[in-house]
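Just below is one structure, and these are the notes that go with it.
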Amino acid sequence: EKRAQNVVEQVFTDEENNINIRMGIEREDIQEELLNNALLRVSKMEQTTIEEIRKILAKGYEQGESWKEQKKKIENKIKNPVRAEMIAITELGHAYNESTKNTYKGAGANKVVWHASLDLKTCDGCRALHGQVFDIDKAPDNPLHPRCRCTWLPVFSEGKGQNTNTTIKGQNEEDLKKIIRRNSKERKREKENIKTMSYNDLPKNIRMSFEEGLKYANADTRELLERQLKNTKFVFSNERNAYSREYDYIKLKPDIYKIPSTISHEVFHQIDAENGITKKGIFKKALEQDYERILFLSEGNIKEYMKKHYKNVIYYNEDNEIRLMKEYRGISDILSGLTKNEVFLGYGHDNEYWEKNKLNLSKEAWAQYGRTTYDNYDEPVEMFRFLFPNFYQRVIMEIKMLKKR
């Protein structure tokens, strides 16, 4: 917790035998950072409150106040001692580190190396980043999380520090991106006081229901889910089940144990967000090809085609509208997106959602693959594969690549 006051001294104490140049950190630089950029990483706070806290941080630094003194002043504004302490420590640390980078750059360094205080308190993310070299203009946020004690050291030659593609633990660039993303999202959750739980902390009835289904899941799907759930966070909500990309957690309704495949669906959304799968655009093109194929097979009338070829899995609601059984809800959702709800078979999203982002169909199709292969019933899987063959093959290829990482 002392890092907000002595981060610069820590840098030169740790590296005094390796750095033959002393560089002064500009007080004006830090004050400007606090006054203009503090709390950019905080949401759900009134702009007037943000401006007031920025002034407290900048003035406090100018007058030599400790983070504890500043914490008291911030607490008077937001009436939350825990959040006030976190803001004081983290924002001061961030300002120091930004100023430190500017100073190093002015002294001729074009790279910086991540420096963590290695002890029992060090988190896995910071420990993995220790020794990692970044281009000074492309370096990630440091501190990585609230109360983080990490800082930057300058790199004046290519021989200093580690290779830019691997860490001291041999983790590749993709692993680092995941670590940085997870810690960044954790920091956002803490700033918003969002309380989450791990998979193992979920109620027993939910875990038992999900794990019973997992026994029968497609082997590759099961492997991906088991691996991802080690890092997945959950919250309970009376709203709909959903994955939050902004905060990286899954909202679950208390009765989720009745439909465990929905957990698989939402975890696949998280896998996509973490690995940038749908951003590649390959699913979008494959789904467009599959849609053209379905139109050809059905001679332009998909509903009639479904009634003719899949009469055993459809039924009619009270309004005499064709619907698919719940085991086929993934297929219904994809057709909903492909046809902009001209073909709605009971499950899907409204057109506002489909039109909001051109990749939303790819995202849902990927997640519905996760649901369908978690349930892993023969008929729905075969129907999925037949109706969307290009997409299905692309998914198989992507999963193979994911398993190699």
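Every number here is computed from the coordinates shown, using simple stated rules; none is lab data. Treat the numbers as computed from the prediction; the structure is a model and nothing was measured. No Cβ is skipped: glycine too gets one built from the backbone with ideal geometry, and neighbour counts run over all protein chains shown.
Over the C-alpha atoms of the range 179-332, the Rg to Rh ratio, Rh being the Kirkwood estimate, stands at 1.04.
Close amide H contacts of N110 (hydrogens built in the peptide plane, cut-off under 5 Å, sequence separation of 5 or more or a different chain): V155.
By DSSP, what percent of the beta bridges with both residues in the range 215-350 are antiparallel, rounded to the nearest 5?
Counting only bridges with both partners in the range 215-350, antiparallel ones make up about 65 percent.
Each residue of the range 197-213 is assigned a 3J(HN,Hα), and the resulting list reads 9, 7, 4, 5, 8, 5, x, 4, 5, 6, 5, 5, 5, 5, 6, 5, x Hz, derived from the Karplus form 6.51 cos²θ - 1.76 cosθ + 1.60 (θ = phi - 60°), x at Gly and Pro.
Loop-resident chymotrypsin sites (Phe, Trp or Tyr not before Pro) (DSSP state other than H, G, I, E or B) in the range 198-297 with no more than 11 further Cβ atoms inside 10 Å of their Cβ: Y216. Dipole size of the range 55-94 about its Cα centre, with +1 on Lys/Arg Cβ and -1 on Asp/Glu Cβ: approximately 200 debye, rounded to the nearest 20. Taking only the C-alpha atoms of the range 64-140, the Rg (one decimal) and the largest Cα-Cα distance, Dmax (whole number), read 15.5, 44 Å. Quick one: Debye curve from the alpha-carbon atoms of the range 261-301 only, equal weights, vacuum; give me log10 I(q)/I(0) at q = 0.19, 0.21, 0.27 Å⁻¹ to two decimals. The Debye formula, applied to the Cα set alone, gives -0.69, -0.73, -0.83.
Relative to the current alpha-carbon distance between E382 and D141, full extension at 0.36 nm per residue lengthens the span by 82.2 nm.
Applying the Karplus relation 6.51 cos²θ - 1.76 cosθ + 1.60 with θ = phi - 60° to the range 383-398 yields 3J(HN,Hα) values of 5, 4, 5, 6, 6, 10, x, 5, 5, 4, 5, 5, 5, 4, 5, 5 Hz, where x marks Gly and Pro. Using the Kirkwood radius built from alpha carbon pairs, what does the Stokes-Einstein equation give as D for the range 261-364 at 37 °C and 0.692 mPa s, in µm² per second? Calculated translational D: 223 µm²/s. Structure note, pairs K215/K303; K188/K280; K185/K279: Cα-Cα distances above 31 angstrom occur for K215/K303.
The H on the amide N of F388, modeled in the peptide plane, is under 5 Å from the matching H of no residue at least 5 residues off or on a different chain.
Among K311/K404; K284/K404; K59/K233; K111/K178; K195/K400, which pairs are too far apart, with a Cα-Cα distance over 30 Å? With Cα atoms farther than 30 Å apart: K311/K404; K59/K233; K195/K400.
Couplings 3J(HN,Hα) for the range 133-139, derived from phi with the Karplus relation 6.51 cos²θ - 1.76 cosθ + 1.60 (θ = phi - 60°), are 9, 10, 4, 4, 8, 10, 5 Hz, where x marks Gly and Pro.
Close amide H pairs (under 5 Å, H built 1.01 Å from N) link F236 with L252, residues at least 5 positions away or on another chain.
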